[in-house]
Amino acid sequence: MIEVRIHGRGGQGNVAAAYLLAGAAIGEGWHALAFPAFGAERRGAPVAAFARMDRRVFRRRDQVARPHFLIVQDVALLHVPGVLDGLRPGGGLLINAPREPDATALPERHYTVAATQLARTHLGRPVPNTALLAVFLTLTGLLPLDALRRALAGRFHGAVLEANTRLIEAAAATAPSGAWAMEKADAAGA
């Protein structure tokens, strides 16, 4: 089972990112589940969302405490206690930031991308979720980018879908393909 925890702020598409990731996995024949955890439900409030995916049926419905991967949609959240907690050894941290953060407690396996800037360029809005998912899939190789495109096509149409498709291509081009690829034994034993 692969577990992903996504941290962001209300309005950044955090919950949508978890649902898109799960939808992309389901489209590829995986079993997947996505769900949010809210504090105050307002724009700008911290939000966590979770995604689980496995080739086998699973029944776990609890929050992801020990993720294989963390996606942080707002670099300021790196300073919030608990955001980096539970990341498994060898896990990956994907950070939305215009430059490498000055934090000293980052895991060795982390990657920074200016996802908000990419979203503004391609969508005209500062919603980094699609860009981050494209980078995540490029880094991990867990699912093909086409799976993300199909998941987006289930939610959007016309110009919005076309803009997101361009964003996927641009974001994926920023990341080294397969840099965080998990071996089957790693995924099974982690």
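The values are calculated or read from the model by the stated rules, or taken from the named source; none is laboratory data. Computed from a prediction, not measured in an experiment: that's the story for all the values here. All Cβ positions, even for glycine, are placed from backbone atoms using ideal geometry, and neighbour counts span all protein chains on display.
Points to keep in mind about this one:
- Candidates Leu84, Leu118, Leu167, Leu106, filtered to the one that is free of Cβ contacts under 8 Å to residues at least 24 places away in the same chain, of a type outside the set (D, E, K, R) and over 17 Å from Ala25 (Cβ atoms): Leu84
- Filtered by the rule that a residue be surrounded by 13 or more Cβ atoms within 10 Å (Cβ to Cβ) and either among the aliphatic types (A, V, I, L, M) or at pLDDT below 95 (or both), the stretch 161-185 gives Leu161, Ala163, Leu167, Ile168, Ala170, Ala171, Ala172, Ala175, Ala179, Met182.
- For the stretch 166-185, the set of residues classified as under 16 Å from Pro128 (Cα atoms) and touching a helix residue (DSSP H, G or I) at 6+ places or on another chain (Cβ under 6 Å) consists of Arg166, Leu167, Ile168, Ala170, Ala171, Ala172, Ala175, listed by residue number.
- Against the test of being surrounded by fewer than 16 Cβ atoms within 10 Å (Cβ to Cβ), in contact (Cβ under 8 Å) with a residue 12 or more places away in the chain and farther than 24 Å from Glu28 by Cβ, the options Arg155, Arg125, Arg99 yield a single qualifying residue, Arg99.
- Scanning the stretch 79-88 for residues that are under 14 Å from Ala105 (Cα atoms) and out of contact with any strand residue (DSSP E or B) (no Cβ under 6 Å at 6 or more places or on another chain) yields His79, Val80, Pro81, Gly82, Leu84, Asp85, Gly86.
- Residue match in the stretch 30-48 (condition: within 15 Å of Leu132 (Cβ to Cβ), over 12 Å from the mean Cα position of the chain (by Cα) and of a type outside the set (Gly, Ala, Ser)): yes
- Test: Ala49 is crowded, with 19+ Cβ neighbours inside 10 Å, small (Gly, Ala, Ser) and not in a helix (DSSP H, G or I): yes
- Filtered residue count, the stretch 14-46, keeping only those that are modelled with pLDDT of 95 or more, among the small types (Gly, Ala, Ser) and assigned to a loop (DSSP other than H, G, I, E, B): 1
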